[in-house]
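First the structure, in the form of structure tokens, and then the observations on it.
The values are calculated or read from the model by the stated rules, or taken from the named source; none is laboratory data. Everything numeric here is computed off the predicted structure, so don't read it as measured data. Every residue, glycine as well, gets a Cβ built from its backbone with ideal geometry; the counts of neighbours run over all protein chains shown.
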Amino acid sequence: MHLITEAALNQSDKIAIIASGKSFSYKTLLQASQQFATHLLDVNNDLAGARIAFMVDPGFDYVKVQWGIWQAGAVAVPLCISHPLPSLQYVLEDTGATILVISPQYHDLLATYALEHSIRLIVVDRVPEPAIALMPNIDPQRNAMILYTSGTTNKPKGVVTTHANIAAQIKSITSAWQYAPTDHTLCVLPLHHVHGIINVVSATLSMGGTVEFVDSFSVDDIFSRFMKGDINVFMAVPTIYFKLIAAFEMLDVADRQQLKNAMKKFRLMVCGSAALPVSVMQQWQEVSGHVLLERYGMTEIGMGISNPYEGLRKPGSIGMPLPGVSVRLVDEHMQPIINGEAGEIQIKGENVFKEYWNKPDATAKEFTPDGWFKTGDVAVVEEGYYRILGRSSVDIIKSGGYKLSALEIEEVLRTHAMVDDCAVVGIADDEWGELVVAAVVAKVGLDQHQLNQWMRTQMPTYKTPRKYLLVKELPRNAMGKVVKNEVKTMFQ
């Protein structure tokens, strides 16, 4: 029995999932997933690592399909429900998926492609309910899932995690963040990323909690669900918190107080997937009474570092290594940092992925000879807490002989009353090596000259942007991360 599905045996009559106005017990979920696994198996005893892609809306069917794939011995390949056909085609071809499972609304998009490429197409609401077959025995070291990286610098890579990797990722956060069967969490995150799949859905269900899904993102809907008083755990990305804060400020005084009282009763609120601006953290504390728990993770490792569940959560910090995760900082020569300077984060542990799918060279490149995974993120340790300075490739700007943190400059920019958001990047320059520039989402009337003069009163001149570009919005990926390579092109 898989780690996640074990809870279904112990919590059979408890509500596992709430979606589209319906509630589903663990018993119902387990039975439906086993029936689906039986349908997948067809005449086989074990799908033996076959890749099964699925484009299924968040909710009961999504979890049923995912659990069914795992129980049938196959590898789950979640597809992004908002991606166009070329992006989906890339994943299907790269993984060599032999089965494609879809919600009915994606039939027109994918049916012809599946037929032309001899891929078995299963529409999730047209599956029979057969007598449950004997499920294969799944070795923990078998491949379980392939998730794709954002691919902001080159083509996305398929990150392969085993059942043991997923179990380690779940065990680490459920222990550190004290998940319990009484947890009732609201899922507003995409389910083709580790944040939604592992932290929200899989970890909660592994402990016998309840996951409630939204049909589509709506601030009013989220607030109304908060007000009901059932939800006690919420996880989101900074852009979602930013939208919730803006909406909260539009409410009248009585509604604000009522909502704040409801949110104060939550057990935990978490933020991740992109750097959390200190200003957003402070505003959310005023709105909800909660200091957001900021953590650090990525597709390849699940979660690696986190602020504590109990104890000081430091603004601007990602915290300390999670249980079972080893972390070190190294310099450019791959030597461990011991004097408190900045270095690349490297991770080792059972949580770390197995390999990039069909890319042995890329896999070897990202690991040290002694098995440390090279994250590409640069950090410093301050009083035991890790603070991210940025990704070495895009957030560490080498200008005029200095190594500058784009994230540090962004934090200062956001404290200006007229700046709503910003992205700082380095662009090639003959004189400086890289020129520090900033794309700024600002209120009407911002004067760039005054902003520049103000920045020079806030930090050393060599750190301040040399150029500003006022934009209506910043380019972001599905998880809300700013795509900085696209920001760079704005200055060309």
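Among the conditions (1) among the charged types (D, E, K, R); (2) within 25 Å of the chain's Cα centre (by Cα); (3) under 21 Å from Arg391 (Cβ atoms), Glu341 misses just one, which is (2).
Determine, yes or no, whether Val487 is buried (at least 19 other Cβ atoms within 10 Å of the Cβ) and without any contact (Cβ under 8 Å) to a residue 60 or more places away in the chain. Against the criterion (buried (at least 19 other Cβ atoms within 10 Å of the Cβ) and without any contact (Cβ under 8 Å) to a residue 60 or more places away in the chain), Val487 does not qualify. Strands (runs of 3 or more DSSP E) wholly in region 1-113 with at least 3 residues that are under 20 Å from Pro128 (Cα atoms) - which ones? Filter on region 1-113 gives 51-55, 99-102. Of all residues assigned to region 72-80, none qualifies as being loosely packed, with under 15 Cβ neighbours inside 10 Å and touching a residue at least 12 places away in the same chain (Cβ under 8 Å). Is it fair to say Tyr468 is at pLDDT below 90 and not in a loop (DSSP other than H, G, I, E, B)? In short, no. When you scan region 205-218, do you find a residue that is of a type in the set (Phe, Trp, Tyr) and part of a strand (DSSP E or B), even just one? Checked region 205-218: at least one residue is of a type in the set (Phe, Trp, Tyr) and part of a strand (DSSP E or B). Just a yes or no: is a residue in region 389-412 at pLDDT 90 or above and touching a Phe, Trp or Tyr at 6+ places or on another chain (Cβ under 7 Å)? Checking region 389-412: not a single residue is at pLDDT 90 or above and touching a Phe, Trp or Tyr at 6+ places or on another chain (Cβ under 7 Å). Residues in region 9-28 that are surrounded by 15 or more Cβ atoms within 10 Å (Cβ to Cβ) and without any contact (Cβ under 8 Å) to a residue 40 or more places away in the chain: Ser12, Phe24, Ser25, Lys27, Thr28. Each residue in region 215-233 was checked for being in contact with a Lys or Arg (Cβ under 8 Å, 6 or more places away or on another chain) and either on the phi < 0 side of the Ramachandran plot or buried (at least 18 other Cβ atoms within 10 Å of the Cβ) (or both), and 4 of them qualify. Just one residue in the set Pro181, Pro156, Pro190 is in a loop (DSSP other than H, G, I, E, B), buried (at least 20 other Cβ atoms within 10 Å of the Cβ) and either under 18 Å from the mean Cα position of the chain (by Cα) or not β-branched (Val, Ile, Thr) (or both); that residue is Pro190. Scanning region 266-280 for residues that are of a type in the set (A, V, I, L, M), touching a strand residue (DSSP E or B) at 6+ places or on another chain (Cβ under 9 Å) and under 21 Å from Val483 (Cα atoms) turns up Ala274, Ala275, Leu276, Val280.
Residues checked against (1) under 29 Å from Tyr106 (Cα atoms); (2) in contact with a Cys (Cβ under 8 Å, 6 or more places away or on another chain); (3) at pLDDT below 95; (4) acidic (Asp, Glu):
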site	(1), (2), (3), (4)
Asn143	yes, no, no, no
Thr152	yes, no, yes, no
Pro156	yes, no, yes, no
Val159	yes, no, no, no
Ala164	no, no, no, no
Pro181	no, no, no, no
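Yes or no: His290 part of a loop (DSSP other than H, G, I, E, B) and within 23 Å of Val188 (Cβ to Cβ)? Against the criterion (part of a loop (DSSP other than H, G, I, E, B) and within 23 Å of Val188 (Cβ to Cβ)), His290 qualifies.
So, in region 382-409, how many residues would count as being within 13 Å of Glu344 (Cβ to Cβ) and either polar (S, T, N, Q) or surrounded by 17 or more Cβ atoms within 10 Å (Cβ to Cβ) (or both)?
Initially, region 382-409 is screened for residues within 13 Å of Glu344 (Cβ to Cβ), giving 386, 388-393, 395-396, 403.
Next cut, either polar (S, T, N, Q) or surrounded by 17 or more Cβ atoms within 10 Å (Cβ to Cβ) (or both) only: 386, 388-393, 395-396.
Counting residues in region 382-409 that are within 13 Å of Glu344 (Cβ to Cβ) and either polar (S, T, N, Q) or surrounded by 17 or more Cβ atoms within 10 Å (Cβ to Cβ) (or both) gives 9.
The set of residues in region 47-71 being polar (S, T, N, Q) and either surrounded by fewer than 20 Cβ atoms within 10 Å (Cβ to Cβ) or within 20 Å of the chain's Cα centre (by Cα) (or both) consists of Gln66 alone.
Each row is one residue, and each column tells you yes or no for (1) more than 27 Å from Leu189 (Cβ to Cβ); (2) in contact with a Leu (Cβ under 9 Å, 6 or more places away or on another chain); (3) outside any strand (DSSP E or B); (4) among the aliphatic types (A, V, I, L, M).
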{"position": "Tyr386", "(1), (2), (3), (4)": "no, yes, no, no"}
{"position": "Val424", "(1), (2), (3), (4)": "no, yes, no, yes"}
{"position": "Asn452", "(1), (2), (3), (4)": "yes, no, yes, no"}
{"position": "Glu486", "(1), (2), (3), (4)": "no, yes, yes, no"}
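Would you be able to say whether some residue in region 284-296 is modelled with pLDDT of 95 or more, within 22 Å of Ile198 (Cβ to Cβ) and among the β-branched types (Val, Ile, Thr)? No: zero hits.
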